[in-house]
Each structure stands twice: as C-alpha cells, then as structure tokens.
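The values are calculated or read from the model by the stated rules, or taken from the named source; none is laboratory data. Note that the structure is a prediction, hence the values are computed from the model and not measured. So basically every Cβ, Gly included, is an ideal-geometry build from the backbone, and we count neighbours across all protein chains shown. Quick note on the areas: whole protein, heavy atoms, side chains included, nothing else; ligands and nucleic acids left out. Shrake-Rupley method; radii C 1.70, N 1.55, O 1.52, S 1.80 Å.
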Amino acid sequence: MRSRESLTCETDLKTGLDLARLEEADASIRSLMPEPGRAERVERAMSTAPDGPLRGVLVGVKDIFHVDGLPTTAGSTLPVDELAGPEAAAVSLLRGAGAIVLGKTVSTEFALFEPGPTRNPRNLAHTPGGSSSGSAAAVAAGHCPLALGSQTIGSVIRPAAFCGVVGYKPSYGRVSTAGSIPLAESFDTVGLLAANVSWVERVAVVLCAWWRGIEVNGPPRLGIPEGPYLEQASEEALRVLDGLGARRVALLEDIRAINAAHRRLLTFEMARHHARWFPRFADRYRPGTAGAIRAGLAVAAEVAADIRAGRAKLRARIHDAMDASGVDVLACPAAAGPAPVGLESTGDPSMQLPWTHAGLPAVTFPRGTAANGLPLGLQLVARFMDDERLLAWATHLEAAASRRVVFSG
C-alpha cells in the first residue's frame, strides 16, 4: 500500500503506471468506484489544471456528488440517467483551485446505512464506517490526501475515526450542497476527509463561504459534555479524553429524545425527496433504505416542522452551556468505539448525531489506538460558524496527539 503522502502532486502522475499501482492497491480496499480509462482522464486533467492553491492535488469525490463526465450512482442500482445532474458546486470550486478529481469514492446506498463493498485499510476485516466509506478509506490508503464526503448524522466524522484520518464537518450551510443527491436537507453538510488538519485548512479556504483568516493564541479551553451523551460510548473510546485537562460540562441530558427526533426528520425528508423514484424503482432499493423511506412517509408534516424548529433551540442550549462553563471547544470521542468487525454495519453514529442536529462544526483526528490496534479519534466541536478557530485549535491539538498511544484494558 502506498504511503499517505504519495500521489499528492502533479509529479507523482507522469505515467499511467502510477495509477495502475493505485488500482492494484485498491483491489482489496475497494474505496474507488470502477472507472475505465481513469489514468488517461487524470493525466489530461493534470495537463490542463488551472493555477491555484490546490493545483495537481488529487481529490476523491463521494458518489453522491455530481462530477462532469462521471456517472453518479449514490451507491444504488437505480438508472444513472435518473440520478444525473449538474456538477456539484464543491467539485467546481475544487477544480477551479487546480485540484484533480481522482475518481468517485464509494458511498453507502443514498448516503444512509446500507454499506458498499469498501473495507477499512487499517484492517480489511473491519468496516471503514459510513456513509463516506470510500472517501475515508481512499485517504487512509494513501490514494489521495483529500476527499469530499457528506454528513447527515455522522458520515464524515465516524469513518474518519475508524480509518485513522482527519474528518471535518463544517457548520451547517457553510459549504453549498448544490449538485449533490440530498438525504435530508435540514442536516446535509459537505465535509472533508484528509491526511491531516493542515490539508483541511487549505481546502476550507476554497470551499467554505465567508472564510476569515483568524489566528489563535494558545490552546482552547476544553469542555467534556458530561452525562447521558457520553454514556453511549465504550470505556475504550472514552480514553481519548484522558490527559486533556478539560472541564466537565453538563449537557445533552435528553440525548435519547434528540436521537429519535433526528431520525424522524431525516426519514421524513428522505421520503419526500425519493417520492420521484421510489414508486417506480422500489424493488431496486435495499431493505434498510426502503424501510427508512416507508418510515418517513408515516411522519406528520407538523411533527417534522417542530423538529426543524428545535435545531436552533438545541444550538442555543449548547452555546449557553459552553458560555456558562467558560469553554471554547467541546471534546468527546469521535465514535462509540473502534471500527466494528464485519462489513454488514457502518457503526454507531451516536457520538456525532447531536452536533449534526445542531449544525455545529466538528473535526476529528487520531488520538491513539484501541487494544486491537485500530485507531481511535478525538472529536472537537465548536460554536456555530466558529470553524476558523476550531481548525486552528485542532492543528495545535493534533500535534500534541501525534504520538501513537495504545489504550489497553
């Protein structure tokens, strides 16, 4: 397997032999969608890429984002003509900055829970997480330093943690979702998987609206959200919080109600979006996806409206708790534990859900490994639209966490 720093610039791709080796390495991981003629397309793009801050950088693109010249399947077997659309705004911004689309990365079916064929590069017997499965695995395997993902519950942060890479979910609305296949528009957020936080900062300037150059003085004041939320994580996952010197913040005592509300609104919006396809192609949907759509049809519009209104209330509650405790950033496990064995599930999204529900920015980076050798991730969450400071602080904290620590029972 090639190193994570390989294939990051134009000089790495002088011949199709380089991409042939990449395809060979990906045969067991299956992070990339099959693409005949990938080498020729990438080499043409290299020769015509505009000058910009990302010139020659290879980027994977989750297969819910439209890319001119490439089909979109959204991890499904629906006819690609039904799913076609104009190129995603995020893809166009990356290309305009000189980035090269390496290819489409595997997504779970319609970015929900039904997994694709992708395996975790850290251990092929384990899930890479989802729904941005291929994006996380492609970065972890060293195919590219960056990949686009999306998060509607935990689909960037969780696979990043499982695969041992950096994941960034911006504040809701900071990156345009235009040109992607929606799951639930109240939560859908374009995110990034990357080799390190520095790569995320470099791309956030290109993708995020209203980006401001901000410097931070020293580390943030960290808070740990104490209570029922943390009780959803395993003891092993909680050890990523050891040694942080963080304050305890009483928060999310009603996490079970938040979890249930999030899923109701998600399925409601998903069912409305799929109303154009599901009646005609129901037999092509996998059971979990079809079940979610049918559940969404049973959610009343008035209930959905109340849940939407509750997002801002939750955000305000989190901000108030942070203010009262005098903290800048909340620290928590990126996932409930290391990547589970098997490919039947993409893992538990409980550690990511409330921050997505509230639209808050989150970033994760590796902090040690579990007893089975798989990575664990530390998740940092900041106030709404405080993405700039979050990433600046994450850069400092990532450096402190760079040594590989094994937590054993």
Query raised in the report: Counting only residues that are assigned to a loop (DSSP other than H, G, I, E, B) and either touching a residue at least 24 places away in the same chain (Cβ under 8 Å) or exposed (fewer than 12 other Cβ atoms within 10 Å of the Cβ) (or both), how many does the range 23-70 have?
Result: 20
Report summary line: If you go through Ser345, Ser350, the only one that is of a type in the set (Ser, Thr, Tyr), surrounded by fewer than 17 Cβ atoms within 10 Å (Cβ to Cβ), under 18 Å from the mean Cα position of the chain (by Cα) and part of a loop (DSSP other than H, G, I, E, B) is Ser345
Query raised in the report: Restricting to the range 182-203, what's the tally of residues that are surrounded by 21 or more Cβ atoms within 10 Å (Cβ to Cβ) and small (Gly, Ala, Ser)?
Result: 3
Report task. Tell me, yes or no, whether the range 93-112 has at least one residue that is of a type in the set (A, V, I, L, M), crowded, with 20+ Cβ neighbours inside 10 Å and within 12 Å of the chain's Cα centre (by Cα). Result -> yes
Report task. Could you list, in sequence order, all residues of the range 242-281 that are among the small types (Gly, Ala, Ser) and surrounded by 13 or more Cβ atoms within 10 Å (Cβ to Cβ)? Result -> Ala246, Ala261, Ala271
Requested in this report: Specify the residue that is surrounded by the most Cβ atoms within 10 Å (Cβ to Cβ); the eligible residues are those in the range 313-331 that are touching a helix residue (DSSP H, G or I) at 6+ places or on another chain (Cβ under 8 Å) and assigned to a helix (DSSP H, G or I).
Outcome: Ile318
Query raised in the report: Which one of the conditions (1) surrounded by fewer than 23 Cβ atoms within 10 Å (Cβ to Cβ); (2) not in a loop (DSSP other than H, G, I, E, B); (3) not polar (S, T, N, Q) does Gly173 fail to meet, given that it meets all the rest?
Result: (2)
Query - Close pairs from the range 219-231: first open to solvent by 30 Å² or more (accessible area, probe 1.4 Å), partner in a strand (DSSP E or B) and charged (D, E, K, R), Cβ under 9 Å, at least 6 apart - result: Arg221/Arg247; Glu226/Arg248
Query raised in the report: Which condition does Ala334 not pass, out of (1) crowded, with 23+ Cβ neighbours inside 10 Å; (2) more than 24 Å from Phe110 (Cβ to Cβ); (3) within 18 Å of the chain's Cα centre (by Cα), if it passes all the others?
Result: (2)
